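The values are calculated or read from the model by the stated rules, or taken from the named source; none is laboratory data. This structure is a prediction, so every number in the text was calculated from the model and none was measured. Backbone-built Cβ (ideal geometry, glycine too); neighbour counts: all protein chains shown.
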Amino acid sequence: MTRILITSALPYINGIKHLGNLVGSQLPADLYARYCRNRGHEVMFICATDEHGTPAELAAAKTGEPVADYCARMHEVQAELAKGFRLSFDHYGRSSSERNRRLTQHFAGKLAENGFIEEVTEKQVFSHADNRFLPDRYIEGTCPNCGYERARGDQCENCTKQLDPTDLINPRSAISGSTDLEVRETKHLYLRQSALKDEIDVWIDSQTDWPVLTTSIAKKWLHDGDGLQDRGITRDLFWGVPVRKGDQDWPGMEGKVFYVWFDAPIEYIAATAEWADAKGLSEADWERWWRTDKGADDVRYVQFMGKDNVPFHTLSFPATIMGSREPWKLVDYIKSFNYLNYDGGQFSTSQGRGVFMDDALSLLPADYWRWWLLSHAPENSDSEFTWENFQTSVNKDLADVLGNFVSRITKFCRSKYGEALPAGGETGERAQALIDELESRTRAYEAHMEAMEIRKAATELRAIWVAGNEYLQSAAPWTVHKTDPERAAAMVRLGLNLVRLYAILSEPFIPDASTTMLDAMKVADRAWPGAIAEALTALKPGHAFETPEVLFAKIADEDREDWEKRFAGVRA
Ligand SMILES: [Zn+2]
């Protein structure tokens with residue numbers, strides 16, 4: 001048994017996530033967590049909402065709620081949707097928690113103590129009407145390069161020129177529209193990543209099993225141009241973790257907060273502490289996952305995220321941990337994803353284009369989405385959701401292959417032998433060939449799951465379902481039964497044991513269908529299979545079962561066409 005710590009990138013609080021977000025971190029992390037648990041490992045699976053920063057403040061202003069209330073409400077919404085998709089987090093925390101506040105301040109204090117924090121005075125635009133400093137992208141004006149009137153302070157999206165807010169002609173606040181702006185001096189803290197560059201470099205080099213996609217992104221940031229840059233870790237905002245040096249005041253930093261990107265990854269640790277708090281456990285219970293001096297040296301830590309998050313997880317967060325000079329657990333493996341596109345374009349939260357998590361669950365149960373998303377996960381390149389592909393995949397893989405198999409074998413048994421496994425008879429060579437195939441496929445499936453090769457695992461699982469269907473088709477117990485009911489009984493027994501095997505193997509992908517199948521087979525022992533020949537005799541003659549309802553309904557053409565139209569455009 002190994003202890004495995006799994007974190008999913010934190011979804012941002014300002015709205016409901018779309019299916020592209022889901023498959024970019026939380027869903028594959030759940031697949032892996034479920035698999036590891038089923039293999040008998042001790043798992044800690046952590047996620048949380050990422051709640052600080054300007055977008056949260058602005059989203060709250062839009063709904064007229066105090067930002068803390070807005071975040072509390074949206075956290076509940078996201079937590080419910082996570083449950084709906086059967087994401088099996090051990091804890092779904094909040095980056096605005098007291099735990100994270102204290103831990104973020106603790107890390108900042110340690111970094112300062114060890115000389116990795118620099119105080120820098122810079123000039124920034126202050127808006128009197130908004131009573132706040134404006135981040136660059138919240139200042140709008142006319143582009144000096146192309147004349148576009150809605151250029152942002154960091155970049156003109158019309159001509160793509162990189163800008164400084166002071167370059168803009170007629171600058172105004174993107175929040176209030178006010179032109180009453182003033183350039184003021186303000187002090188900020190910088191994390192001296194440049195001083196930790198060599199240490200990070202050595203650490204990255206020691207990660208021999210990381211995918212090239214991950215290490216090449218990290219190496220680029222480490223070495224391109226002037227190398228790894230220091231990074232501002234504070235902001236002039238109201239909503240965030242107040243800047244303090246551990247539990248002490250930080251002179252000159254009053255009224256400022258840590259930048260959301262500094263406190264968000266620390267929430268991985270804090271959320272584990274929140275888990276212990278929620279369960280009434282001790283400090284030692286969560287520290288054994290995170291402190292290598294308190295038991296975490298034998299933990300394997302795996303992170304899941306979209307590729308855009310890789311720099312922060314390979315550089316900034318490790319810099320925070322290393323610079324603390326405390327024995328916190330560093331990540332062992334990063335599984336990163338490309339993007340899922342939507343029907344010829346991109347998912348768009350602002351334009352409401354694509355399917356969002358709440359919409360998805362209002363149309364179909366979670367398993368349908370889980371299966372499609374995981375079997376099409378954007379691992380080695382971007383992938384694309386189309387309704388036609390989704391319909392085909394659901395109807396073929398889930399309804400025709402798996403669902404049909406379960407339905408045929410249980411109904412046939414019920415009609416000829418009743419709802420219990422029949423006794424007698426021997427299976428023949430065909431069954432032996434099936435067992436041999438399933439033996440090698442199951443071991444291949446395990447290897448793909450362990451390597452987090454999600455699409456390959458899905459392909460193997462589907463082949464495992466297909467093999468059972470083909471066996472049933474060629475063995476044809478319904479024909480054999482007419483002349484040799486004993487031999488047909490042996491085939492049926494094998495088929496019903498396959499239902500149990502499929503339920504166990506499929507659980508990480510389609511947990512609800514798995515439960516339905518196991519409940520129907522009245523199975524208490526859900527242990528992962530060793531030798532397949534043995535697993536297929538687990539249910540003995542006389543074992544009672546219930547014929548389940550239809551596992552998966554097919555998607556009709558009219559529904560597909562209707563949904564295609566509904567999700568093409570602007571979401572209300
Ligand atoms: Zn321009």
Item to check | Candidates PHE262, PHE258, PHE238, filtered to the one that is within 23 Å of ASP50 (Cα to Cα), in contact with an Asp or Glu (Cβ under 8 Å, 6 or more places away or on another chain) and of a type in the set (A, V, I, L, M, F, W, C) | outcome: PHE238
Checklist entry - Do we have ALA82 as assigned to a helix (DSSP H, G or I) and under 22 Å from ILE266 (Cα atoms) here? => result yes
Checklist entry - Do we find a residue being in contact with a helix residue (DSSP H, G or I) (Cβ under 6 Å, 6 or more places away or on another chain) and in a helix (DSSP H, G or I) anywhere in segment 544-559? => result no
Next on the checklist: Condition first: acidic (Asp, Glu) and either over 32 Å from the mean Cα position of the chain (by Cα) or in a loop (DSSP other than H, G, I, E, B) (or both). Now tell me which residues in segment 129-174 satisfy that.
Outcome noted: ASP130, GLU140, GLU149, ASP154, GLU157, ASP164, ASP167
Checklist outcome for this item: Exactly one of ILE4, ILE16, ILE46 is within 26 Å of TYR368 (Cβ to Cβ) and either under 19 Å from the mean Cα position of the chain (by Cα) or part of a helix (DSSP H, G or I) (or both), and that one is ILE16
Checklist entry - When you go through (1) under 30 Å from ASP559 (Cα atoms); (2) assigned to a loop (DSSP other than H, G, I, E, B) one by one for THR392, which number turns out not to apply? => result (2)
Next on the checklist: So ARG184 passes all but one of these: (1) within 16 Å of the ligand (Cβ to nearest atom); (2) modelled with pLDDT of 90 or more. Which condition number does it fail?
Outcome noted: (1)
Item to check | Test for ALA467: is it in a loop (DSSP other than H, G, I, E, B) and either touching a Gly at 6+ places or on another chain (Cβ under 9 Å) or closer than 20 Å to TRP371 by Cβ (or both) | outcome: no
Next on the checklist: Could you check segment 131-162 and list, in sequence order, the residues that are without any contact (Cβ under 8 Å) to a residue 24 or more places away in the chain and near the ligand (Cβ under 9 Å from one of its atoms)?
Outcome noted: ASN145, CYS146, GLY147, TYR148, ALA151, GLN155, CYS156, GLU157, ASN158, CYS159, THR160, LYS161
Next on the checklist: With the structure loaded, tell me whether GLU51 is touching a helix residue (DSSP H, G or I) at 6+ places or on another chain (Cβ under 8 Å) and buried (at least 23 other Cβ atoms within 10 Å of the Cβ) or whether it fails that test.
Outcome noted: yes
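Can you name every residue in segment 366-386 that is of a type outside the set (Ser, Thr, Tyr) and closer than 15 Å to ARG560 by Cα?
Those that are of a type outside the set (Ser, Thr, Tyr) and closer than 15 Å to ARG560 by Cα: TRP369, TRP372, PHE385.
Within segment 163-176, how many residues are within 15 Å of the ligand (Cβ to nearest atom) and on the phi < 0 side of the Ramachandran plot?
Number satisfying all stated conditions: 7.
What are the residues in segment 347-363 that are free of Cβ contacts under 8 Å to residues at least 60 places away in the same chain and either part of a loop (DSSP other than H, G, I, E, B) or buried (at least 17 other Cβ atoms within 10 Å of the Cβ) (or both), if any? Walk me through how you get there before you give the answer.
Of segment 347-363, the ones free of Cβ contacts under 8 Å to residues at least 60 places away in the same chain are 348, 350, 362.
SER350, the sole residue that qualifies.
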Next on the checklist: When you check ALA59 against the structure, is it more than 23 Å from ARG99 (Cβ to Cβ) and of a type outside the set (Ser, Thr, Tyr), yes or no?
Outcome noted: yes
Item to check | Failed criterion for PRO508 (all others in (1) modelled with pLDDT of 95 or more; (2) outside any helix (DSSP H, G or I); (3) more than 22 Å from ARG370 (Cα to Cα) hold) | outcome: (3)
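Just to check your reading of the model, which residue among PRO378, PRO365 is within 26 Å of the chain's Cα centre (by Cα) and over 18 Å from GLU549 (Cβ atoms)? Give the derivation first.
Numbers: PRO365 fails: over 18 Å from GLU549 (Cβ atoms).
So the residue among PRO378, PRO365 that is within 26 Å of the chain's Cα centre (by Cα) and over 18 Å from GLU549 (Cβ atoms) is PRO378.
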Checklist entry - Which residue pairs have Cβ atoms closer than 6 Å, lie 6 or more positions apart in sequence or on different chains, and pair a first residue in segment 540-555 that is farther than 14 Å from ALA503 by Cβ with a second residue that is of a type in the set (A, V, I, L, M) and surrounded by 15 or more Cβ atoms within 10 Å (Cβ to Cβ)? => result PRO541/LEU421; GLY542/ALA420; HIS543/LEU421; ALA544/ALA420; LYS554/ALA399; ILE555/VAL394
Item to check | Criterion violated by GLU57 - all others in (1) in a strand (DSSP E or B); (2) crowded, with 19+ Cβ neighbours inside 10 Å; (3) among the acidic types (Asp, Glu) satisfied | outcome: (1)
Checklist outcome for this item: ALA29 passes all but one of the listed conditions (1) under 30 Å from MET452 (Cα atoms); (2) touching an Asp or Glu at 6+ places or on another chain (Cβ under 9 Å); (3) surrounded by 17 or more Cβ atoms within 10 Å (Cβ to Cβ); the exception is number (2)
Next on the checklist: Quick check on ARG526: is it assigned to a helix (DSSP H, G or I) and either modelled with pLDDT of 95 or more or loosely packed, with under 14 Cβ neighbours inside 10 Å (or both)?
Outcome noted: no
Item to check | Search result, residues across segment 322-345 that are assigned to a helix (DSSP H, G or I) and surrounded by fewer than 22 Cβ atoms within 10 Å (Cβ to Cβ) | outcome: MET322, SER324
Checklist entry - Of THR214, THR179, which residue is closer than 30 Å to ALA451 by Cβ, more than 16 Å from the ligand (Cβ to nearest atom) and of a type in the set (S, T, N, Q)? => result THR214
Item to check | Any helices (runs of 4 or more DSSP H) falling wholly within segment 187-295 and containing at least 3 residues that are within 16 Å of ALA319 (Cα to Cα) | outcome: 197-205, 212-223, 260-278
